[in-house]
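First comes the structure, then the notes that go with it.
The values are calculated or read from the model by the stated rules, or taken from the named source; none is laboratory data. Bear in mind the structure is a predicted one, so any value in this text is a computation, not a measurement. Cβ placement follows ideal geometry from the backbone for every residue including glycine, while neighbour counts extend to all protein chains displayed. Surface areas here come from the heavy atoms of the whole protein model, side chains and all, with no ligands, DNA or RNA. Shrake-Rupley method; radii C 1.70, N 1.55, O 1.52, S 1.80 Å.
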Amino acid sequence: MSKTLAYAAQAPHTPLAPVEIERRAVGPDDVAIDILYCGVCHSDLHTARNEWHNTLYPSVPGHEIVGKVTAVGSNVSKFKVGDVAGVGCMVDSCRHCASCNESLEQYCESGFTGTYNGPVFGGENTFGGYSQHIVVDQRFVLRISHTDPAQLAAVAPLLCAGITTYSPLRQWKVGPGQKVGIVGLGGLGHMGVKIAAAMGAHVVLFTTSPNKREDALRLGASDVVVSKNAEEMAAHAGSFDFILNTVAAPHDLNPFLNLLKRDATLCLVGAPDSPHPPADVFGLIFKRRRIAGSLIGGIAETQEMLDFCAEHSIVSDIEMIPMQAINEAYERMLKSDVKYRFVIDMASL
């Protein structure tokens, strides 16, 4: 065991503050990583404040981790000391169920083990990337393919925001000749725009904020629709092959369903803390439309995403903060006052 400094929430309504935590000794299959950068995800806030009613305290959030390998176990062959490596949302799964056997560990039937807050269905707590150091089984460590050291901080959010948007775009075979909508231009949405555009789709960004038009076009959107404008929405009725909804607040899905072609899909990746209003059944059955959901991605697909993003020079748009600014960053995140992802410089810790 080794001790390392971290930032943790001790209860739902207390600010995150410094703590000392223990990491396990490096085992034969383990990779030890000194954390350089950790992205800040809305899930971190949900968990720290127990908004999903499942938080184990003390809670050390952080699952968008980029760092340098400092030690490897005797069985480790994919990583060596000095490598730059990443850790995303998972650090283990059962490894033998049907989903795990298909490299879909995020759907592990026993519940994957989160990088923080332990196994999905309950178990011993785990501590995430708001810390100096982490030890992870090699099966859940990612190769960072971006070669420019100046990009490493902006690579960190790919480990959650990147794979959360890449996985459904890949699953529904988004590509050239398709008209694809991205709902929301936040931490997830701005990655969805970049990745869908790199896949060759005609990308339309939906936003409630007209002042985001210029940014959306810069990021790769071909068109921008203000979703509160009924005329702008009506002009696109029945024309989309796929819509990815990244908004993490409850809202009416029906206006977006009406934009889908027959047999097209509206996929939800935002996780609100209360349900969306009911969808209109007739809007679904008369066009055989679908509402679907998607959860991050498996380890193999996450590696594929990192390689794709490196090939297309895709990183997240970030604002770097010191660890000591995390509580302020949470409040700003609630106001959407960030373009588009906070990343913690762990040297500040």
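Before moving on, here are some points about what is shown:
- Values of log10 I(q)/I(0), in the order q = 0.12, 0.17 Å⁻¹, for the stretch 17-87 under a Debye, Cα-only, solvent-free model: -0.42, -0.76
- Förster radius 25 Å - calculated FRET efficiency between N54 and D252, Cβ distance, rounded to 0.05: 0.35
- Put simply, the stretch 162-293 fits an ellipsoid with semi-axes of 20, 16, 15 Å; these come from the alpha carbon gyration tensor as the roots of five times its eigenvalues, largest first.
- Taking the C-alpha atoms of the chain, convex hull volume expressed per residue in Å³: 131 Å³
- For trypsin sites (Lys or Arg not before Pro), the sites in the stretch 240-349 that DSSP calls loop and that have at most 13 other Cβ atoms within 10 Å are R288, K335.
- Value of relative contact order over the chain, rounded to a whole percent, pairs C-alpha under 8 Å and six or more apart: 17 percent
- For the stretch 29-70, the per residue solvent-accessible surface stands at 29 Å², with DNA, RNA and ligands left out and a 1.4 Å probe.
- Solvent exposure of the stretch 162-293 amounts to 43 Å² per residue of accessible area, where only protein heavy atoms count and the probe is 1.4 Å.
- Anisotropy class of the stretch 249-349 from Cα gyration tensor, a/c 1.5 cut: oblate
- Rounded to whole Hz, the Karplus (6.51, -1.76, 1.60) HN-Hα couplings of the stretch 41-57, x for glycine and proline: 9, 4, 4, 4, 5, 3, 6, 4, 9, 6, 6, 9, 6, 9, 6, 9, 9
- Choice from I285, I134, I21 with maximal GNM fluctuation in the chain (Cα, 10 Å cutoff): I285
- Spin-label model distance (nm) - T208 vs R262, 7 Å beyond Cα toward Cβ: 3.4 nm
- Gaussian network model of the chain, springs between alpha carbon atoms under 10 Å - residue of V91, V69, V81 with greatest fluctuation: V81
- When you work out D = kT/(6 pi eta Rh) for the stretch 139-189 at 10 °C and 1.306 mPa s, using the Kirkwood radius from C-alpha pairs as Rh and the Stokes-Einstein form, the result is 122 µm²/s.
- Of K261/K335; K68/K339; K68/K335; K212/K261; K261/K339; K228/K339, those spanning more than 30 Å from alpha-carbon to alpha-carbon: K261/K335; K68/K335; K261/K339
- Cα-based radius of gyration for the stretch 102-191, normalised by 2.2 N^0.38 Å, reads 1.30.
- The length gained by stretching the chain between S348 and E20 to full extension, at 0.36 nm per residue less their Cα-Cα distance, is 116.5 nm.
- Amide H to amide H, with H built 1.01 Å from N, H236 comes under 5 Å of no residue 5 or more places away or on another chain.
- Phi to ³J(HN,Hα) by Karplus 6.51 cos²θ - 1.76 cosθ + 1.60 over the stretch 23-40, Hz, x for Gly, Pro: 10, 5, 5, 6, x, x, 9, 9, 10, 9, 10, 7, 7, 8, 9, 9, x, 10
- Measuring r between the beta carbons of A279 and K339 and using R0 = 30 Å, the FRET efficiency lands at 0.45.
- Of all DSSP beta bridges in the chain, antiparallel share, percent nearest 5: 55 percent
- Element breakdown for the chain at a 1.4 angstrom probe: carbon and sulfur atoms account for 52% of the accessible area.
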